[in-house]
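Undergrad: A single structure is presented below for examination.
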Amino acid sequence: QVQLVESGGGLVHTGGSLRLSCAASGSIDNISAMGWFRQAPGKQRELVAAIRAGATIYYANSVKARFAISKDSAKNTLYLQMDDLKPEDTGVYYCDTGTAYGTVVSWSDAWGQGTQVTVSS
């Protein structure tokens, strides 16, 4: 199982942008699904974006048209481009790997430290 390290968070104003990175310790070529989760204060962790082998992409409704997930297999890195950020996007962002079974993904839940994103109003 690869180890994941998130980076790129920070403090931005409403409408700002950030690009998160998730560096894997090994090849991500054979990983059937990768995703970005976030956990806001006092709330459960939620999936915000995922990408599957074959380039199928999922976005939570709250981030559609603002966030873009991508991966660079040559760099073993997953990205999350976040534009037009809103205060409700504030939280700790984590990446994770998963195994796809048809339309269902079983996530590994091997959480790292995450990266803090704070959006001020």
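The values are calculated or read from the model by the stated rules, or taken from the named source; none is laboratory data. A quick note: this is a predicted structure, and the numbers were derived from the prediction, not measured. Here Cβ is always computed from backbone atoms with ideal geometry, including for glycine, and neighbour counts include all displayed protein chains. Accessible surface is based on the protein model in full, side chains and every heavy atom, while ligands, DNA and RNA are left aside. Shrake-Rupley method; radii C 1.70, N 1.55, O 1.52, S 1.80 Å.
Undergrad: How many of the residues making up region 25-44 are on the phi < 0 side of the Ramachandran plot and open to solvent by 80 Å² or more (accessible area, probe 1.4 Å)?
TA: The qualifying residues number 6.
Undergrad: Let me ask something additional. If you check every pair at least six apart or on different chains, which have Cβ atoms under 9 Å apart with a residue in region 1-18 that is of a type in the set (D, E, K, R) first and a residue that is open to solvent by 40 Å² or more (accessible area, probe 1.4 Å) and outside any loop (DSSP other than H, G, I, E, B) second?
TA: Glu6/Ala23
Undergrad: Another question about this same structure. Within region 1-20, take every residue that is among the small types (Gly, Ala, Ser) and out of contact with any Asp or Glu (no Cβ under 7 Å at 6 or more places or on another chain) and give me the one that is farthest from Gly91 (Cα to Cα).
TA: Gly16
Undergrad: Just to check your reading of the model, which residue among Lys86, Lys75, Lys64 is under 17 Å from Gln3 (Cβ atoms) and either surrounded by 17 or more Cβ atoms within 10 Å (Cβ to Cβ) or of a type outside the set (Phe, Trp, Tyr) (or both)?
TA: Lys75
Undergrad: Quick one: Val48 ticks every box in (1) out of contact with any Phe, Trp or Tyr (no Cβ under 6 Å at 6 or more places or on another chain); (2) of a type in the set (Val, Ile, Thr); (3) buried (at least 16 other Cβ atoms within 10 Å of the Cβ) bar one, so which box is it?
TA: Failing condition for Val48: (1).
Undergrad: A further question follows. Against the condition modelled with pLDDT under 95 and not polar (S, T, N, Q), how does Ile69 come out, does it pass?
TA: No; evaluated as a whole, the condition is false for this residue.
Undergrad: Please give the number of the condition Gly102 fails out of (1) open to solvent by less than 60 Å² (accessible area, probe 1.4 Å); (2) more than 18 Å from Val119 (Cβ to Cβ); (3) in contact (Cβ under 8 Å) with a residue 24 or more places away in the chain; (4) not aliphatic (A, V, I, L, M).
TA: Of the numbered conditions (1) open to solvent by less than 60 Å² (accessible area, probe 1.4 Å); (2) more than 18 Å from Val119 (Cβ to Cβ); (3) in contact (Cβ under 8 Å) with a residue 24 or more places away in the chain; (4) not aliphatic (A, V, I, L, M), the odd one out for Gly102 is (3).
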